[in-house]
Amino acid sequence: MNALTGKHIVLGLSGGIACYKAAELARLLVKAGATVQVVMTEAAEHFITAVTLQALTGRAVATSQWDMREPNAMAHINLSREADAILIAPCSADFIARLAQGRSDELLSLLCVARPIERVPLLLAPAMNREMWAHPATQRNLMQAVADGAVSLGVGCGEQACGETGDGRMLEPAEILEELEAFFTPKWLASERVLITAGPTFEAIDPVRGITNHSSGKMGFAIARAAREAGAQVTLVAGPVHLPTPRGVARVDVHSAQNMLETVEQHVATATLFIATAAVADWRPAAVALHKLKKDGSGAVPQLSFVENPDILAQVAASARARHGQLYCVGFAAESEDLLANASAKRKRKGVPLLVGNIGPATFGQDDNALLLVDEAGAQELPRASKRELGRTLVQQIAERLRSRR
Ligand code: CTP
């Protein structure tokens, strides 16, 4: 289950080269469990054929308000009444102008005007050349369309089909999907400010070597995405991982445990929820060699000594705001066995109300996981599922605990 399961999306294509990306978007929407009804303007049909979109969505594409296959000859009414949302992607400069004026002389703009405005959201993924995007008329029209109830998903920045570089590209299909899923997610964490640590830390030995922990960061990133979808303002403090930043999440990259602690300290004062998923190295080399340690041929090995790293979670959990209930702390525990006993002991030792246990070796680098939630009421299993799904469930579980505390 995800936020788009069972949703009926009218996907409107207006004219623009980004129409080629709409095919991928239609596929992603269908994969996410939505039914997709494509509507194309005449201009869109110059860029991609209706056959492609029909094959991807399993539904005949609507192109004209004069389509006599509709028994009541009112395609604009039928299409807009069935929709859970209308998504225009790509949304051209001309189409934005049409929306601003409330034009209704072709099917797509007609059904936007005909939609029940309170019930059927209208989402726009603009796509155009950077000069067209920056033009005062386009910005004025977009402001008018938004004032009339449309939601702009924004544009991407980068190389454009025309060879120029700047703002105005359509968001990538995966980004639009992310926006749509966020749009349909209940706002369990509205007005919460969430700080999350994720990934491993890297403790340098010399300029080319170091020690680290197993951790892909996937669970922490999935929680960050789910928290943002649930309406929270999210800051993600990430150790060295190769993962894209979830949309709408503020990310700060760090390396060492000390680095992570300093960054957490900078952001925690305004947070209402702290979730520590990072696999922080427990120790670091006592001294970092200035230059690369060299073999001298004698077979002698370097003698490393270690000092203990600060315990970020324990430190945050012991802060006055956490003790006075203004900051809710959630810890993680990656164990190799005896999960319930280890997680319960760790919850007490760290002084956190909720601790989430998992068997580390069974999940490192994987896309799925199984979790055990331990709090004062006892333990609750979240059975094996994708980290994406577990992130969403965990966010709901945390939201329930927050509600019952306030
Ligand atoms: N943690 C932290 N700072 C540390 C060590 C751990 O913030 N220096 C946090 C982790 O992000 C996690 C929780 O504490 O939320 C437990 O981490 P884990 O590595 O499982 O526990 P340790 O405290 O290292 O205990 P042990 O190694 O004995 O299992």
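One residue stands out among those in segment 357-374 that are closer than 26 Å to ASN2 by Cβ and more than 21 Å from the chain's Cα centre (by Cα): the one that is modelled with the lowest pLDDT, which is ALA362. You will find that of GLU179, GLU172, GLU159, GLU192, the residue that is of a type in the set (D, E, K, R), free of Cβ contacts under 8 Å to residues at least 12 places away in the same chain and touching a strand residue (DSSP E or B) at 6+ places or on another chain (Cβ under 8 Å) is GLU159 and no other.
Take the conditions closer than 28 Å to LEU25 by Cα and touching a Lys or Arg at 6+ places or on another chain (Cβ under 8 Å) and apply them to ARG169. Does it pass? The answer is no for ARG169. Being among the charged types (D, E, K, R) and part of a strand (DSSP E or B) is a condition met by at least one residue of segment 363-377. Sort out which residues of segment 110-152 are of a type in the set (Gly, Ala, Ser), farther than 21 Å from SER80 by Cα and touching a strand residue (DSSP E or B) at 6+ places or on another chain (Cβ under 8 Å), and write them in order of number. Matches in segment 110-152: ALA127, ALA134.
Once segment 79-104 is narrowed to residues that are surrounded by fewer than 17 Cβ atoms within 10 Å (Cβ to Cβ) and over 22 Å from ALA147 (Cβ atoms), the residue that is farthest from the chain's Cα centre (by Cα) is ARG81.
Residues that are small (Gly, Ala, Ser) and either touching a helix residue (DSSP H, G or I) at 6+ places or on another chain (Cβ under 8 Å) or in a strand (DSSP E or B) (or both) within segment 149-176 comprise ALA150, SER152, GLY156, GLY158, GLY166, GLY168, ALA174, listed in sequence order.
Condition (residue is touching a Lys or Arg at 6+ places or on another chain (Cβ under 6 Å), under 29 Å from GLN366 (Cα atoms) and either within 16 Å of the ligand (Cβ to nearest atom) or part of a helix (DSSP H, G or I) (or both)) applied to segment 293-311: is it met by at least one residue? Looking for residues that are touching a Lys or Arg at 6+ places or on another chain (Cβ under 6 Å), under 29 Å from GLN366 (Cα atoms) and either within 16 Å of the ligand (Cβ to nearest atom) or part of a helix (DSSP H, G or I) (or both), one finds at least one in segment 293-311, hence yes.
Pairs linking a residue in segment 256-278 that is without any contact (Cβ under 8 Å) to a residue 40 or more places away in the chain to a residue that is within 11 Å of the ligand (Cβ to nearest atom), with Cβ atoms under 7 Å and 6 or more positions apart or on different chains, are THR263/VAL237. For ARG392, indicate whether it is crowded, with 17+ Cβ neighbours inside 10 Å, of a type in the set (Lys, Arg) and outside any strand (DSSP E or B). Taking the combined requirement at face value, the residue satisfies it.
Among the residues making up segment 285-335, those that are surrounded by 11 or more Cβ atoms within 10 Å (Cβ to Cβ), hydrophobic (A, V, I, L, M, F, W, C) and without any contact (Cβ under 8 Å) to a residue 24 or more places away in the chain are ALA287, PHE306. Pairs are defined by a Cβ separation below 7 Å, a sequence spacing of at least 6 or placement on different chains, a first member in segment 346-363 that is at positive phi and in the same structural domain as ALA334 (by TED's automatic domain parsing), and a second member that is of a type in the set (A, V, I, L, M) and surrounded by fewer than 20 Cβ atoms within 10 Å (Cβ to Cβ); the pairs so defined are GLY351/ALA314; GLY351/ALA318. The listed residues are ILE9, ILE77, ILE17, and the only one of them that is touching a helix residue (DSSP H, G or I) at 6+ places or on another chain (Cβ under 7 Å) and not in a helix (DSSP H, G or I) turns out to be ILE9.
The values are calculated or read from the model by the stated rules, or taken from the named source; none is laboratory data. Computed from a predicted structure; not experimentally measured. Counting neighbours? That spans all protein chains shown, and the Cβs are built from the backbone with ideal geometry, glycine included.
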